[in-house]
1. Considering only residues of segment B:91-114 that are surrounded by fewer than 22 Cβ atoms within 10 Å (Cβ to Cβ) and aliphatic (A, V, I, L, M), which is nearest to the other protein chains (Cβ to nearest Cβ)?
2. Of all residues in segment A:1-16, which are crowded, with 17+ Cβ neighbours inside 10 Å and of a type outside the set (S, T, N, Q)?
3. Among the residues of segment B:57-75, is there at least one that is open to solvent by less than 10 Å² (accessible area, probe 1.4 Å) and small (Gly, Ala, Ser)?
4. Going by what's in this entry, would residue A:13 be described as touching a helix residue (DSSP H, G or I) at 6+ places or on another chain (Cβ under 9 Å), more than 8 Å from chain B (Cβ to nearest Cβ) and among the aliphatic types (A, V, I, L, M)?
5. Please verify whether segment B:38-46 includes one or more residues that are modelled with pLDDT of 95 or more, crowded, with 16+ Cβ neighbours inside 10 Å and assigned to a strand (DSSP E or B).
6. In segment A:17-33, what count of residues is obtained for those that are more than 11 Å from chain B (Cβ to nearest Cβ) and either surrounded by fewer than 12 Cβ atoms within 10 Å (Cβ to Cβ) or free of Cβ contacts under 8 Å to residues at least 12 places away in the same chain (or both)?
7. Could you figure out which of (1) of a type outside the set (Lys, Arg); (2) at pLDDT below 95; (3) closer than 23 Å to residue B:36 by Cβ isn't true of residue A:31?
8. Which number in (1) of a type in the set (Gly, Ala, Ser); (2) under 13 Å from the mean Cα position of the chain (by Cα); (3) more than 13 Å from chain A (Cβ to nearest Cβ) marks the one condition that residue B:51 misses?
Amino acid sequence: AQSVAQPEDQVNVAEGNPLTVKCTYSVSGNPYLFWYVQYPNRGLQFLLKYITGDNLVKGSYGFEAEFNKSQTSFHLKKPSALVSDSALYFCAVGSARQLTFGSGTQLTVLP
Amino acid sequence: NAGVTQTPKFRVLKTGQSMTLLCAQDMNHEYMYWYRQDPGMGLRLIHYSVGEGTTAKGEVPDGYNVSRLKKQNFLLGLESAAPSQTSVYFCASSYLREGTDTQYFGPGTRLTVL
């Protein structure tokens, strides 16, 4: 069975500092990896995905994620955090049969 | 282009009542999904559809039924609501099959069962 772990329920970072939201996964075969963001009282919005190719994936709003096969990780990063980045972030791993979401990480960027 | 829309946005039911949640998408996507979101548990798949007239069970299907009579619509029904079904429900759609393609989400329906 495939699974996703987001080890931190809450991440706090000061505005202007770099941010990292962690994600590790387990899946048989080649993974399809996604990051989604959820703002309060809204649906999930797609940020970026890794299917194949370059291990560093660039996405919306200046976010990027690095695929590390040996560590089975797909951490989300941004060089300089904004207050408006405060939201709930979900990592997900997919295969041909299903998409599995992590439990989410609440990111708070402090002014 | 409205994307994925959901009706209603909020609903309060009493135990045993029934209701239907409507999802519509205008992106001509083949695949549609219903999820529920509960605190600390991420999103869990209830049912999904791989095309008009077809449906399949997801991770937590008990107590729910679905129908996809038209390609653009996906209905989620609760025949006899229970307090355990209090949750936020999200509909999503994708062009390719579920694990490999970006999913587009609706704004959600917040359901409370008393």
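The values are calculated or read from the model by the stated rules, or taken from the named source; none is laboratory data. No experiment lies behind these values; they were computed from the predicted model shown. Methodologically, a virtual Cβ is constructed for each residue, glycine included, from the backbone with ideal geometry; neighbour enumeration extends over all protein chains shown. For accessibility, only protein heavy atoms count, side chains too; no ligands or nucleic acids. Shrake-Rupley method; radii C 1.70, N 1.55, O 1.52, S 1.80 Å.
1. Here the residue is B:96.
2. Answer for segment A:1-16, where residues must be crowded, with 17+ Cβ neighbours inside 10 Å and of a type outside the set (S, T, N, Q): A:4, A:11, A:13.
3. No, segment B:57-75 has no match at all.
4. So residue A:13 passes the test.
5. yes
6. 2
7. (3)
8. Unmet condition: (2).
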